[in-house]
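Chemist: After the structure tokens below, expect a handful of questions from me.
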Amino acid sequence: MPAERIADRIFLADAIAATEGCSPPFSDVVVWRPNFISPPPPVDGGCGGSVRASASWEYVDAVSRITVLHDVVVREWDALLQSGPEAAETRATAATLLHCLDRAGFIQREPGEPSPVSYGIGSGDAALNNAAQRCSDDTAYGARTAAQRLRTLKSVLGRHESEINDIARLRPVLERGAQPGSGPERTRFGLPL
């Protein structure tokens, strides 16, 4: 499965998006090369709102269970990336990007340990963001970062295999979740009419 489809496969993001008429949620578990020019998509994909509010309790419960697993995976993934050898690899990979930016005439803007954030990447400076994208491509920063993120994500997902299998069985619930006439207004005392 392509890395950009992980959220669809594991968290059923495609089914939620199709049901709720939004962009796929859980974009924070999509692994791709860093893009410094375009802003990242919203994590929730714009989902929720009136469609979810009018959906059946089964649908809302399924999305809640998926969201809880998603949140656990993201927390564990972030912790793994910020600890031990993974943190060292992240710093070493970032150093190649920052050295390239130094050579291009950009300097660290904030005090502290050099990082993409301390250089101002993502702050809205178009020239800096374009240079960062060029440096990312030239130094293989993007490819190395994506490979590390994919490797560590697979490690975290392996710890939750049984929960992921349980989530996969929720696809039919999501697909029928927002069908007309299936919302709470079609029940009396919580029982179907």
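Chemist: Of the conditions (1) under 30 Å from Ser162 (Cβ atoms); (2) touching a residue at least 40 places away in the same chain (Cβ under 8 Å); (3) open to solvent by 20 Å² or more (accessible area, probe 1.4 Å), Leu69 satisfies every one except a single condition; which number is it?
Modeler: (3)
Chemist: Now a separate question. Sort through Ala88, Ala79, Ala94 and tell me the only one that's surrounded by 14 or more Cβ atoms within 10 Å (Cβ to Cβ), modelled with pLDDT of 95 or more and of a type in the set (Gly, Ala, Ser). Give the derivation first.
Modeler: On the way: Ala88 fails: surrounded by 14 or more Cβ atoms within 10 Å (Cβ to Cβ); Ala79 fails: surrounded by 14 or more Cβ atoms within 10 Å (Cβ to Cβ).
The conditions single out Ala94.
Chemist: Would you call Gly190 farther than 20 Å from Ala15 by Cα and at pLDDT below 85? Break it down into steps so the answer makes sense when it comes.
Modeler: Values: farther than 20 Å from Ala15 by Cα: yes; at pLDDT below 85: yes.
Judged against the criteria, Gly190 is a match.
Chemist: Please tell me if Ala131 is open to solvent by less than 40 Å² (accessible area, probe 1.4 Å), more than 30 Å from Glu20 (Cβ to Cβ), touching a helix residue (DSSP H, G or I) at 6+ places or on another chain (Cβ under 7 Å) and touching a residue at least 12 places away in the same chain (Cβ under 8 Å). Steps first, please.
Modeler: Numbers: open to solvent by less than 40 Å² (accessible area, probe 1.4 Å): yes; more than 30 Å from Glu20 (Cβ to Cβ): yes; touching a helix residue (DSSP H, G or I) at 6+ places or on another chain (Cβ under 7 Å): yes; touching a residue at least 12 places away in the same chain (Cβ under 8 Å): yes.
When the stated conditions are applied, Ala131 passes them.
Chemist: Sticking with this structure for a sec: When region 35-50 is examined, which residues are found to be of a type in the set (S, T, N, Q) and assigned to a helix (DSSP H, G or I)? Don't jump to the end; show me each part of the working.
Modeler: Just the residues of region 35-50 that are of a type in the set (S, T, N, Q), to begin with: 35, 38, 50.
Result: Ser50, single match.
Chemist: Moving on to the next point. Yes or no: region 113-122 includes at least one residue that is without any contact (Cβ under 8 Å) to a residue 40 or more places away in the chain, open to solvent by 60 Å² or more (accessible area, probe 1.4 Å) and either out of contact with any helix residue (DSSP H, G or I) (no Cβ under 9 Å at 6 or more places or on another chain) or at positive phi (or both).
Modeler: Yes: region 113-122 contains one or more residues that are without any contact (Cβ under 8 Å) to a residue 40 or more places away in the chain, open to solvent by 60 Å² or more (accessible area, probe 1.4 Å) and either out of contact with any helix residue (DSSP H, G or I) (no Cβ under 9 Å at 6 or more places or on another chain) or at positive phi (or both).
Chemist: If I go through region 34-43 residue by residue, how many of them are touching a helix residue (DSSP H, G or I) at 6+ places or on another chain (Cβ under 6 Å) and either buried (at least 17 other Cβ atoms within 10 Å of the Cβ) or modelled with pLDDT of 80 or more (or both)? Even if it seems obvious, please write down each step before you answer.
Modeler: As a first pass, look at region 34-43 and keep what is touching a helix residue (DSSP H, G or I) at 6+ places or on another chain (Cβ under 6 Å): 34, 36-37, 41, 43.
Add one more test, that the residue is either buried (at least 17 other Cβ atoms within 10 Å of the Cβ) or modelled with pLDDT of 80 or more (or both), and what stays is 34, 36-37.
Looking only at that region, the number is 3.
The values are calculated or read from the model by the stated rules, or taken from the named source; none is laboratory data. Since we're looking at a predicted model, the values are computed, not measured. All Cβ positions, even for glycine, are placed from backbone atoms using ideal geometry, and neighbour counts span all protein chains on display. Note: areas computed on protein heavy atoms with side chains; ligands, DNA, RNA excluded. Shrake-Rupley method; radii C 1.70, N 1.55, O 1.52, S 1.80 Å.
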